[in-house]
Structures are given as structure tokens and as C-alpha cells.
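Bear in mind these aren't lab numbers, they're just calculated from the coordinates by the rules spelled out. Bear in mind that the values here come from a model prediction, so they are computed numbers and not experimental data. All Cβ positions, glycine included, derive from the backbone under ideal geometry; neighbour counts span all protein chains shown.
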Amino acid sequence: MTSKILLNGGCVLTLGAKTPNLAQADVLIDEAMVTEIGSGLRSRDAEQVDARDTIVMPGFVDTHRHAWTSLFRNLGPASGDAAPAAFGDHFQADDVYAATLIGLLGAAEAGITTVVDWSDLRTEDGLAEAALRAHADSGLRTVFVHGSPREEPIDPAPLARLRSVAGPMTTIALGSVLPGPTDVGAVADGWALARELGMRIHAHAIPGRAARGTIRALAELGLLRDDVVLTHCSKLDDADVDAIASTGASVSLTPASQMAGGLGSPSIQQLIDRDIRPGLGIEDERVAPGDLFAQMRATISLQHATVFDRKLAGKASLPRLMSTRDVIRSATVEGARAAGLGRVTGSLEPGMQADVIMLRTDRPNVFPINDPIGAVVWGMDTSNLDRVFVAGRAIMRHGALEVDVERARNLAMIAHERVTASAGLVIGAAPSGGG
């Protein structure tokens with residue numbers, strides 16, 4: 001198979017700082033890299049791909065997902081014996097592999113080329129290694145975040161071991177949970193070890209667990225830096241948001257799951273007011289769609305509602321409405337930056353990795369195209385995916401994944417049956433209500 005691919009004649013959204021978006025252009029991929037973007041490109045030894053009637057753009061970046069919970073998609077909010085913290089104890093290595101693989105393949109099918117996968121399962125019994133095998137088999141670019149179950153204090157010791165077994169497309173990061181403002185020193189040792197290893201730190205900032213003032217306290221101790229990603233960020237004090245802005249820390253919002261799962265509305269307007277540009281993530285598919293089309297719409301709709309509520313209340317000096325260009329960058333460029341991969345992916349420019357998606361523009365759900373970015377944000381969904389490339393390798397062609405999907409489904413079915421039986425869960429009862 002040729003190492004060169006030429007995408008011909010698409011509408012190219014580079015979303016880059018140096019290369020403009022182009023109404024019609026070609027993209028040349030050589031090995032794993034984007035090497036040239038422009039009109040009338042020629043390469044006789046390249047595979048020719050007709051990109052007419054498509055939007056060619058960087059793949060989406062999912063900045064926060066618990067892939068191991070994919071066995072329980074669409075289950076709805078759960079507590080007690082049906083909560084992830086409870087049924088997670090019943091996972092064996094094969095179950096983790098199956099759940100993580102089906103979750104990552106679902107992401108790939110949605111045009112997500114980079115996933116930050118927070119694994120808050122125990123690291124013994126080969127569970128972490130099983131998840132990392134699924135990462136490698138998915139073909140995606142990934143960040144494996146080593147967290148801990150039940151929001152317990154994190155043991156950072158396995159970080160170096162996990163890095164030694166991770167595949168070349170996976171980086172390792174530390175997962176942490178923010179304590180109360182008077183207990184911030186509790187995370188200092190773990191964060192210091194992660195930094196010694198050159199790893200980023202992903203921290204859950206959840207109302208009720210990380211009280212207001214925690215983020216400010218971390219900044220005052222010098223613990224909050226530009227290598228920290230704060231996830232969720234609901235109900236923040238202004239001083240907390242100021243601390244994020246002053247330290248350069250990144251933010252990952254998971255709007256659909258936050259609102260449906262009881263974590264509160266993300267502080268989108270507070271962040272925008274301080275020029276903090278968040279990345280977007282899925283969190284948990286029990287209560288959220290697994291694609292970033294839905295997350296983009298949730299984000300922009302919530303921000304617009306905030307502005308209109310202020311207008312209806314008669315307030316002056318209203319903030320500007322978030323644009324589709326703002327939110328598509330959150331799903332790509334800003335997400336890559338939050339993941340620590342801003343120099344690798346998130347935009348299409350020469351020298352960047354060829355993480356590329358092609359979205360069909362001739363489908364009835366978006367035709368005719370009046371504004372390409374508006375079409376992606378407001379109108380498209382996973383049915384518009386035509387091709388997906390990760391590091392120049394096609395993992396989807398003509399809307400179908402280039403993997404053994406039937407094997408992944410069978411493994412997930414076996415794992416689902418085993419885990420639910422072991423946990424004593426009753427799932428799949430007849431739907432309630434009239435319809």
C-alpha cells in the first residue's frame with residue numbers, strides 16, 4: 001500500500017494558525033504527516049481519493065472519556081449496585097479489553113481520532129495492560145489517564161510501568177481528584193512524581209468533592225501549572241477561574257454528561273470571559289452521546305441560553321454569542337492542546353500528523369451547504385462520516401470501520417453478560433411508559 005494519499009477537491013477546514021480554510025483544495029499525506037495543502041496538487045505515486053462533496057478537516061479530540069464503562073451505554077444515571085464504582089470491581093482483564101475496545105471504536109466511527117481515556121479501575125490483575133492493548137488495537141491516538149477507583153487517593157507508582165507497555169500512539173498521564181481547599185497538599189507528591197516523569201495531570205474538578213476555592217489554593221501553592229487539565233469545572237468561584245487563566249491550566253468540559261449526570265452546568269461563560277478556551281469530552285456514555293457533534297451543540301446552546309437569560313433579565317453589557325468557529329476549535333485545536341498534543345494534531349497544516357476526517361456534504365441532513373463550519377456544528381452527525389485517517393492510516397472508508405467490528409461486538413457481549421452476572425445486575429428489562 002502506498003504511503004502517500006492525495007485527497008482531491010474537498011472543502012478543507014484546516015483550523016490552523018498558518019494555513020487558511022479553503023473552499024476547495026487538495027491535501028497531500030505522506031507517511032503519517034500532512035505535507036502540502038493547496039489547489040492542483042500532483043503526486044503520481046499517491047493513492048487518489050476523491051474528496052469532492054466532502055468537508056476535509058482535522059479529526060475530533062475527545063478530552064475526557066471513561067472507555068471502560070462502554071458496556072453500560074445508555075443505561076442512564078445509576079447509583080448503588082449499578083454505579084460504575086460498584087460494577088467496576090467485577091471487571092476482569094478480558095472485560096476491560098472488550099469494553100475499552102468497543103468504546104474506542106465507537107469514538108473512531110464518530111470521527112474522533114484522539115481520545116483521552118481516564119481509567120479509574122484498579123491497576124493490578126492486568127487490567128491496565130488490557131486497556132492499553134485495546135488502545136493499540138483501536139488504531140486511534142490516545143492518552144491513557146491512570147486514575148483510581150472510588151475517587152480514592154491515587155497511587156502514581158504504576159505510571160512508569162504503564163509507559164513501558166503502552167503502544168507508540170499512546171501517552172500516559174496521571175489522573176487525580178481535587179480535594180477540598182484545605183487539603184490541597186494531599187495531591188502534591190503524586191503530582192510531583194508525574195512531573196518528574198514528564199507526564200501531564202488530569203484532575204476531576206467536581207462540585208461537592210472539590211469545594212470552591214480549591215483551584216485557587218492549588219495555584220497559590222504553585223501546584224497548578226500549564227501541565228494540568230481540569231475536567232468538568234462546574235460552579236467555580238471567580239477566583240478559581242482567575243487562577244486557571246493566570247497559570248495556563250487547561251479545561252475539559254463534558255457538557256452533556258455533566259448536565260444529565262448531576263454534575264451541574266459547566267462554567268462556559270466564566271471561562272470565555274477570561275479567554276480560556278476549553279476542550280470537549282464525552283465523560284460517560286451511560287448518560288451522554290459518544291460523539292462530539294452532540295457535545296459541540298450542547299456547549300454552544302448552553303452559552304447562548306446564558307446570554308439570552310441575561311438579556312431577558314434586562315442586564316446590560318451582554319457577552320457575545322459563542323460562534324460555530326469557537327466551538328469547532330474546542331472540539332479540535334483546543335482539545336489537542338488540552339491533551340498535550342497541540343503540536344501533533346488538532347489542525348491540518350504541513351508538518352502536523354495526518355489525523356483527518358472527511359464528512360459528506362451531499363446528504364439530505366445538511367444539503368445545501370451555506371456555511372461549512374455551521375454545517376459541521378449544527379447539522380452533521382455520525383452519518384456524515386465518510387473516511388477517517390489517524391497518522392495517515394485509514395481506519396474508516398466509505399463509512400465503514402477497517403477493523404473486525406463483529407469480533408469487537410462479540411467480545412463486548414460476552415463481557416457484558418459476565419460482568420452483569422457477577423455484579424448481580426438486571427439490565428435489559430422491557431422499556432417503561434407509552435410510546
Per GNM of the chain with C-alpha springs under 10 angstrom, the most fluctuating residue out of R122, R329, R310 is R310
Taking springs between alpha-carbon atoms closer than 10 angstrom, which of L318, L359, L224 fluctuates most in the Gaussian network model of the chain?
L318
For the stretch 102-115, in residue order, the Karplus 3J(HN,Hα) values (coefficients 6.51, -1.76, 1.60; θ = phi - 60°; whole Hz; Gly and Pro = x) are 5, x, 6, 5, x, 5, 4, 5, 9, x, 8, 9, 10, 10
Going by amide H atoms built from the backbone, whose H comes under 5 Å of the H on E283, apart from near neighbours?
H64, R65, H66
Given labels modelled 7 Å from the Cα in the Cβ direction, how far is it in nm from N410 to A23?
5.1 nm
Within 10 Å, count the other beta carbons around each residue, average over each peptide in 124-136, 162-174, and list them highest first.
124-136, 162-174
Diffing the stretch 134-144: the Karplus 3J(HN,Hα) column from phi (6.51, -1.76, 1.60, θ = phi - 60°), in whole Hz with x for Gly and Pro, holds 5, 4, 5, 6, 6, x, 8, 8, 9, 10, 9
Antiparallel bridge percentage (DSSP; both residues within the chain; nearest 5):
45 percent
Label-reachable residues, the stretch 47-72, where backbone N falls under 16 Å from a point 7 Å from R277's Cα toward its Cβ:
58-63
In nm, to one decimal, how far is the S164 label point from the A313 one, both placed 7 Å along Cα→Cβ?
5.5 nm
Taking amide hydrogens as modeled 1.01 Å from N in the peptide plane, which residues meet the under 5 Å criterion relative to T54, leaving out close sequence neighbours?
C11, T361
Return one quarter of the surface area of the convex hull spanned by the alpha-carbon atoms of the stretch 1-83, equal to its mean projected area, in nm².
8.7 nm²
Distance between modelled label sites at S265 and A305, nm, 7 Å Cα→Cβ extension:
0.6 nm
The stretch 82-135: Cα Rg divided by the 2.2 N^0.38 Å rule of thumb
1.14
When the Kirkwood hydrodynamic radius is evaluated over all pairs of different C-alpha atoms of the stretch 264-406, what value in angstrom, to one decimal, is obtained?
16.9 Å
How big is the chain by Rg and Dmax over its Cα atoms, in Å?
21.3, 64
Under 27 Å Cα-Cα from K315, which lysines qualify once same-chain neighbours fewer than 8 residues away are excluded?
K235
If you put +1 on each Lys and Arg Cβ and -1 on each Asp and Glu Cβ, how big is the dipole of the chain around its Cα centre, in Debye rounded to 20?
900 debye
Positive end of the dipole of the stretch 60-338, charges at C-beta (+1 Lys, Arg; -1 Asp, Glu), about the Cα centre: which of A336, T231, A305 has its Cα farthest in that direction?
A305
Cα-centred dipole magnitude for the stretch 133-181, charges only on beta-carbon of K, R (+1) and D, E (-1), debye, nearest 20:
200 debye
Given R₀ = 45 Å, what would the calculated FRET efficiency be for R397 paired with R122, taking r from the Cβ atoms and rounding to 0.05?
0.75
If you average 1/r over all unlike Cα pairs in the stretch 1-145 and invert the result, what Kirkwood radius do you get in angstrom?
17.5 Å
Residues with amide H under 5 Å from that of G16, placed H, sequence gap 5 or more:
L348
